[in-house]
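The values are calculated or read from the model by the stated rules, or taken from the named source; none is laboratory data. This one's a predicted model, so the numbers in the text were calculated from it and none came from an experiment. FYI the Cβ positions are ideal-geometry reconstructions off the backbone, even for glycines, and counts take in every protein chain you see.
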Ligand code: MLT
């Protein structure tokens, strides 16, 4: 079964660097740079999560993959995952949601995203990078793995301002899936770093309990970037889930 790994904001496929090899021992792994990010062409205006989900489906078409896939998304990748479930359920075999949320933004967060989008377009991406970077990691990782943190910083800094603004606006308008989790009949794995400062572990535990066939795995001493911070624990959970739904 193919596995598609969908990165968070404002990152690229390299955030899955520790998952691609180990998962490829069990499945075909596709880890794209979403439109606008990494090596893809910049995007503009506002880019809804539903459109990213359709882009993922389009990529599967291009790759001539018609069998249902295991969709794995982190944070914004998780927002795209809910849309993929809604829009392309027949293409989905299982869902992994890492460090993400099911609720929509409230008015305060929406306003903050609009302010950030305008500032990025006027002043450059650094405003978002500086405010986000420390929130991405658990305390220990942020302090003791400077090289890896700096690599993530570089990816963020290379993301075009128009892409950042378009994705911020897209996220701010995303649908609320929190009341729809009970409708998800696909098997699901919900993973969250214990110290996640962006998507709280307690909230992710509740997401898992609302999805009928979901398992929750909390990654100790990890933040929002659990797959990068504690790859072994994350990979163990992912491979076990993959084998379970492949059988
Ligand atoms: C992400 O990691 O993709 C973002 O933090 C998501 C968000 O800003 O809501």
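Remarks
- The listed residues are 125, 129, and the only one of them that is within 13 Å of the ligand (Cβ to nearest atom) and within 25 Å of residue 41 (Cβ to Cβ) turns out to be 129.
- Of all residues making up region 212-247, the number that are part of a strand (DSSP E or B) and at pLDDT below 95: 0
- Among the numbered conditions (1) without any contact (Cβ under 8 Å) to a residue 24 or more places away in the chain; (2) within 15 Å of the ligand (Cβ to nearest atom), the only one that residue 64 does not meet is (2).
- Residue 114 being under 14 Å from the mean Cα position of the chain (by Cα), away from the ligand (no atom under 12 Å from the Cβ) and in a helix (DSSP H, G or I): no
- Meeting the requirement of 2 or more residues that are buried (at least 21 other Cβ atoms within 10 Å of the Cβ) and within 16 Å of the chain's Cα centre (by Cα), the helices (runs of 4 or more DSSP H) wholly within region 1-108 are 49-62, 76-87.
- Within region 119-161, the set of residues being assigned to a loop (DSSP other than H, G, I, E, B), touching a helix residue (DSSP H, G or I) at 6+ places or on another chain (Cβ under 7 Å) and at negative phi comprises 125, 137, 138.
- Test result for residue 136, modelled with pLDDT of 95 or more and over 22 Å from residue 116 (Cα atoms): no
- Counting only residues that are within 15 Å of the ligand (Cβ to nearest atom) and over 20 Å from residue 170 (Cβ atoms), region 1-30 holds 2 of them.
- Being touching a strand residue (DSSP E or B) at 6+ places or on another chain (Cβ under 6 Å) and closer than 20 Å to residue 117 by Cβ holds for only one residue in 20, 80, and it is 80.
- Check on residue 57, touching a strand residue (DSSP E or B) at 6+ places or on another chain (Cβ under 8 Å) and away from the ligand (no atom under 15 Å from the Cβ): no
- Here 69, 97 are screened, and the one residue that is touching a strand residue (DSSP E or B) at 6+ places or on another chain (Cβ under 6 Å) and away from the ligand (no atom under 15 Å from the Cβ) is 69.
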